[in-house]
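**Student:** Starting off with a structure, shown below.
The values are calculated or read from the model by the stated rules, or taken from the named source; none is laboratory data. Only a predicted model underlies this, so the values are computations on that prediction, with no experimental measurement involved. Note: ideal-geometry Cβ built from the backbone for every residue, glycine included; neighbour counts use all protein chains shown.
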Amino acid sequence: MPHSTPLVATVVAGLVAAFAMGALAHRLRISPVAGYLFAGVLVGPFTPGVVADSALANELAELGVILLMFGVGLHFSVKDLMSVRKIALPGAILQIAFATALGAGIAAWQGWSMAAGLVFGLALSVASTVVLLRALQVGNLIDTERGRIAVGWLIVEDLAMVLVLVLLPALAGLAAGRAQSNIDLAWTIGLTLAKVGGFIALMLIVGKRVIPAALHWAAHTGSRELFRLAVLAIALGVAFGAAYVFDVSFALGAFFAGMVMGEKQLSRRAAEETLPLRDAFAVLFFVSVGMLFDPSVVVEHGVAVLATLLVIVVGKSLAAVAIVRFFGHPPQTALAVAASLAQIGEFSFMLAALGVQLGILPQEGRDLILAGAIFSILANPLIFRWLAGRHSIVKSVAVAEQARRAKEAAPAAGERVVLVGYGRVGRLVAQGLAQDARNFVIVEERPDLVERAREAGHEVLAGNASEVEVLDRAAIREATRLMIAIPEGFEAGVIVQRARQLNPGIEILARAHSDEEVDHLRKVGADHVVMGEREIARRLLELQRSPA
């Protein structure tokens, strides 16, 4: 029976293509974002084969924008920003101004209006949150001074772009060359700022109390499903309400919803449970952006594409190096920050789409921005390794040095434990190891948990334990025991296999949630596997059998 299901077809085509190209990108050790963009090109109208519905894809992209900005808000930390404010605030502003000027120069060369040049330059000035955080995680720099400066710098850029997204529609008439009196313009800007200020005040005064209270109520219902639904309802509801009532962007509404929610530990745990949905719609956002890209622009405007890429990769990097060095930071910090910012991403796409929608930016400008994004994201891992001094020889020396230090730190005749994960189970294990005065190191990927472990006084290594380099830095070869406390059994299996290859004699203890995970972990080399449900049932039976 024939069915007309353009929405289902668009979602299926986007996710299938994104999975295929994302897997290829992972295999090539480049950012998955580049794979998602290429997936959009494949299912877009400018290439042969399956063509997804562009209009529906853009609607889905709006959800992706909301959830992406919600995630940015969740990771926004006033404390982290204030710690690097002396470099991040002026540095980001100066770098935005420099990159915008370079982009405006390209626009003038192409014969575009001054307003188009401003939008084009701003789009080239802001880096991708997704790509930057991934690069810092891979380089294990996210908790270093260099990483904190880069993240603080990016937060300032994000806030500046949120303000631009809010003000740009209000300035569209003037930017498009339409006559408008100074009084009308001032009134328009003032009204927009008043609405934004009213929304921010409402969120900080009312939302800061109502949102945590709503989440606590949902948590106390005992329904995990209702708890997750509450988080999504708050994220999407605040974003939509902000746009409908205050005429501000979905992006700003979602950002403040995430920021208010991210201030409470309960809220952060709730947000973690919704990450798969956020990631799925974020993928569709990048796919929808890729669908807008016409590959012929590379042939027809090759010189302009190259100039755009040079602004992103070279111009921004040189500006960042000069600014960071001017503020007295060492060359390694300057190069790491420069490498982190040598790409563009989600805010650039939002600005380009809004600029075209308002009639300010020509279609060619959006194509150049998309081309610059795709190529800079592809090049970023290589640039990052080169500029940050992470060549394979340097990496091997650093790994060997860190492993040597870890080995020297361990007691000669004692045991050394590597604990993977500092979630709810990992924290309890770490407390027990500390009470027993065991020598152990924690490997954790999530920055908030890394910080929490360090605040508790533990030795922590930030990184993904499934990577051989990370295990090497944890001195897995000298460890006597590996304890895996992460809840994902099959991901734990990868860690077990690689740890066993590096240290065949190590004792491995792992955690599982199902019989399938237990069998899998034992097959790949775990010595002991603990399944939480079994242990709970065993303990309940023991209590039931014991005399009252």
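**Student:** Working only within the stretch 528-548, note down all residues that are within 38 Å of the chain's Cα centre (by Cα) and either outside the structural domain of Glu488 (by TED's automatic domain parsing) or not in a helix (DSSP H, G or I) (or both).
**Tutor:** His528, Val529, Val530, Met531 - these are the residues of the stretch 528-548 that are within 38 Å of the chain's Cα centre (by Cα) and either outside the structural domain of Glu488 (by TED's automatic domain parsing) or not in a helix (DSSP H, G or I) (or both).
**Student:** Would you confirm, using the coordinates I've provided, whether Gly525 is in the same structural domain as Gln431 (by TED's automatic domain parsing), on the phi > 0 side of the Ramachandran plot, in contact with a strand residue (DSSP E or B) (Cβ under 7 Å, 6 or more places away or on another chain) and surrounded by 16 or more Cβ atoms within 10 Å (Cβ to Cβ)?
**Tutor:** Spelling it out, Gly525 is indeed in the same structural domain as Gln431 (by TED's automatic domain parsing), on the phi > 0 side of the Ramachandran plot, in contact with a strand residue (DSSP E or B) (Cβ under 7 Å, 6 or more places away or on another chain) and surrounded by 16 or more Cβ atoms within 10 Å (Cβ to Cβ).
**Student:** Whether any residue in the stretch 195-202 is within 24 Å of Leu163 (Cα to Cα), modelled with pLDDT of 80 or more, touching a Leu at 6+ places or on another chain (Cβ under 9 Å) and in the same structural domain as Ala282 (by TED's automatic domain parsing) is what I want to check.
**Tutor:** Taking every residue of the stretch 195-202 in turn, at least one turns out to be within 24 Å of Leu163 (Cα to Cα), modelled with pLDDT of 80 or more, touching a Leu at 6+ places or on another chain (Cβ under 9 Å) and in the same structural domain as Ala282 (by TED's automatic domain parsing).
**Student:** Residues in the stretch 479-513 that are assigned to a loop (DSSP other than H, G, I, E, B) and either surrounded by fewer than 18 Cβ atoms within 10 Å (Cβ to Cβ) or in the same structural domain as Pro276 (by TED's automatic domain parsing) (or both): how many?
**Tutor:** Summing the residues that are assigned to a loop (DSSP other than H, G, I, E, B) and either surrounded by fewer than 18 Cβ atoms within 10 Å (Cβ to Cβ) or in the same structural domain as Pro276 (by TED's automatic domain parsing) (or both) in the stretch 479-513 gives 6.
**Student:** Going through Phe46, Phe38, Phe19 one at a time, which residue ends up being under 25 Å from the mean Cα position of the chain (by Cα) and more than 26 Å from Ile383 (Cβ to Cβ)?
**Tutor:** One residue alone meets the criteria, Phe19.
**Student:** Can I ask one more? How about the stretch 48-59: which of its residues are in a helix (DSSP H, G or I), more than 13 Å from Gly290 (Cβ to Cβ) and in contact with a helix residue (DSSP H, G or I) (Cβ under 6 Å, 6 or more places away or on another chain)?
**Tutor:** Matches in the stretch 48-59: Leu56 only.
**Student:** Right, here's the next one. Do you know which of the residues in the stretch 319-333 that are assigned to a helix (DSSP H, G or I) and either among the polar types (S, T, N, Q) or modelled with pLDDT under 85 (or both) is surrounded by the fewest Cβ atoms within 10 Å (Cβ to Cβ)?
**Tutor:** Among them, the one singled out is Pro331.
**Student:** Looking at Ile344 and the list (1) β-branched (Val, Ile, Thr); (2) touching a residue at least 40 places away in the same chain (Cβ under 8 Å); (3) closer than 20 Å to Gly121 by Cβ; (4) surrounded by fewer than 24 Cβ atoms within 10 Å (Cβ to Cβ), which single condition is not satisfied?
**Tutor:** The one condition Ile344 does not meet is (4).
**Student:** What are the residue pairs meeting all of these: first residue in the stretch 347-361, first residue touching a residue at least 60 places away in the same chain (Cβ under 8 Å) and more than 22 Å from Gly73 (Cβ to Cβ), second residue surrounded by 24 or more Cβ atoms within 10 Å (Cβ to Cβ) and among the aromatic types (Phe, Trp, Tyr), Cβ atoms under 8 Å, and 6 or more apart or on different chains?
**Tutor:** Taking only residues 6 or more apart or on different chains, the pairs are Gly355/Phe120; Leu361/Phe120.
**Student:** Let me ask you something else. As an exercise: evaluate Val43 against (1) closer than 20 Å to Ala127 by Cα; (2) surrounded by 17 or more Cβ atoms within 10 Å (Cβ to Cβ) and give the number of the one condition it does not meet.
**Tutor:** Unmet for Val43, out of (1) closer than 20 Å to Ala127 by Cα; (2) surrounded by 17 or more Cβ atoms within 10 Å (Cβ to Cβ): (1).
**Student:** Consider only pairs whose beta carbons are under 9 Å apart and that are at least six residues apart or on different chains; among these, list those whose first residue lies in the stretch 511-525 and is touching a residue at least 60 places away in the same chain (Cβ under 8 Å) and whose second residue is surrounded by 19 or more Cβ atoms within 10 Å (Cβ to Cβ) and in a helix (DSSP H, G or I).
**Tutor:** If the second residue must be surrounded by 19 or more Cβ atoms within 10 Å (Cβ to Cβ) and in a helix (DSSP H, G or I), the pairs left are Arg511/Gly489; Arg511/Ala492; Arg511/Glu517; Arg511/Leu521.
**Student:** Moving on. Looking at (1) under 30 Å from Ile234 (Cβ atoms); (2) surrounded by fewer than 17 Cβ atoms within 10 Å (Cβ to Cβ), which is the only condition Ile93 fails?
**Tutor:** So the condition that Ile93 fails would be (1).
**Student:** Might you let me know whether the stretch 229-252 holds any residue that is at pLDDT below 85, among the charged types (D, E, K, R) and either under 24 Å from the mean Cα position of the chain (by Cα) or not in a loop (DSSP other than H, G, I, E, B) (or both)?
**Tutor:** no
**Student:** Where residues in the stretch 70-106 are aromatic (Phe, Trp, Tyr) and within 30 Å of Val231 (Cα to Cα), which of them is modelled with the highest pLDDT?
**Tutor:** Result: Phe70.
**Student:** For the stretch 428-444, give me each residue that is closer than 12 Å to Ile484 by Cα and either without any contact (Cβ under 8 Å) to a residue 24 or more places away in the chain or touching a Phe, Trp or Tyr at 6+ places or on another chain (Cβ under 8 Å) (or both).
**Tutor:** The answer is Ala430, Ile442, Glu444.
**Student:** Still on this model: Looking at (1) modelled with pLDDT of 90 or more; (2) in a helix (DSSP H, G or I), can you tell me which one Arg452 breaks?
**Tutor:** Condition not satisfied by Arg452: (1).
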